[in-house]
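Structure record follows, encoded as structure tokens.
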Amino acid sequence: MSEKENVFKEVMGNYPTGVTIVTARNEEGEPVGLTVNSFASVSLDPLLVLWSIDHRVSSLEAFKSADHFAIHILSGDQQDLCKTFASKDTDRFNSCTWESSEYNLPVINDAYAVLQCKTFKQVEAGDHTILIGEVQDIQKSDTKEPMMYHQRRFGPIPVEFHS
Ligand SMILES: Cc1cc2nc3c(=O)[nH]c(=O)nc-3n(C[C@H](O)[C@H](O)[C@H](O)COP(=O)(O)O)c2cc1C
């Protein structure tokens, strides 16, 4: 790996984010999903968000052909889910409680928020595909707070961040 790539990884790993799980259904109707921190908001009019998927992810084709996907902004206490949806050889949807939404999307319980999106545009970008979604529906918890992710550690927002 080049020096520039090393510094890039260090800098991006130091950039704090939240954590999401993005879900959809594949062409057989089975739920698919993975842990994602490349999530960002894009536009207010229309309401657009984006995330990017690595071309090595097993559900790549499912997400590329899906007309809808659901973005779960994890709450601070959902560390187990964050790990499960990033691990190989786990039965992801048997390790959590979820239900089918009005868009036939697998929606996992107890996230801080869930944004159900209609696929708006896909952009090929190096070894990832950027998926842009138009937000159709937002569910938000009034009691939970989002998870924080920094240098491979994730958990609740530290108390010193609270005013
Ligand atoms: C905190 C965290 C953030 C991640 N963000 C992304 C991401 O934005 N895009 C992506 O493709 N993979 C991301 N991953 C890795 C995927 O979750 C992982 O490669 C995926 O679950 C592999 O799925 P598969 O076993 O079905 O191929 C992230 C993993 C973690 C732990």
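Rule-based calculations on the coordinates, nothing more; no lab input. Because the structure is predicted, anything quoted here is derived from the model rather than measured. Please note: Cβ atoms are built from the backbone with ideal geometry, for glycine as well, and neighbour counts cover all protein chains shown.
At 0.36 nm per residue, minus the direct Cα-Cα distance, what do THR90 and GLU134 gain on full extension? Give it in nm, one decimal, please. Mind showing how you got there, number by number?
On the way: separation 44, 0.36 × 44 = 15.84 nm, distance 3.00 nm.
Extra length available between THR90 and GLU134 comes to 12.8 nm.
Place a +1 charge on the Cβ of each Lys and Arg in the chain and a -1 charge on the Cβ of each Asp and Glu, then give the dipole magnitude about the Cα centre in debye, rounded to the nearest 20.
Here the size comes out at about 340 debye.
Would you please state which residues of the stretch 69-109 a label at GLU30 would reach in this model, taking the label point 7 Å out along Cα→Cβ and a backbone N cut-off of under 13 Å?
Backbone N within reach: 89-94.
Can you give me the Rg/Rh ratio for the chain, using Cα atoms for both radii and the Kirkwood formula for Rh? Working shown, then result.
Numbers: Rg = 15.7 Å, Rh = 16.4 Å.
Ratio of gyration radius to Kirkwood radius: 0.96.
By how many nm would the segment from VAL7 to LEU60 lengthen if fully extended, with 0.36 nm per residue of separation less the alpha-carbon distance?
Full extension from VAL7 to LEU60 adds 16.3 nm.
Can you put ILE53, ILE21 in order of Cβ neighbours within 10 angstrom, beginning with the fewest? If you can, show how the numbers build up before the last one.
Numbers: ILE53 20, ILE21 26.
Listed from fewest to most nearby Cβ atoms, that is ILE53, ILE21.
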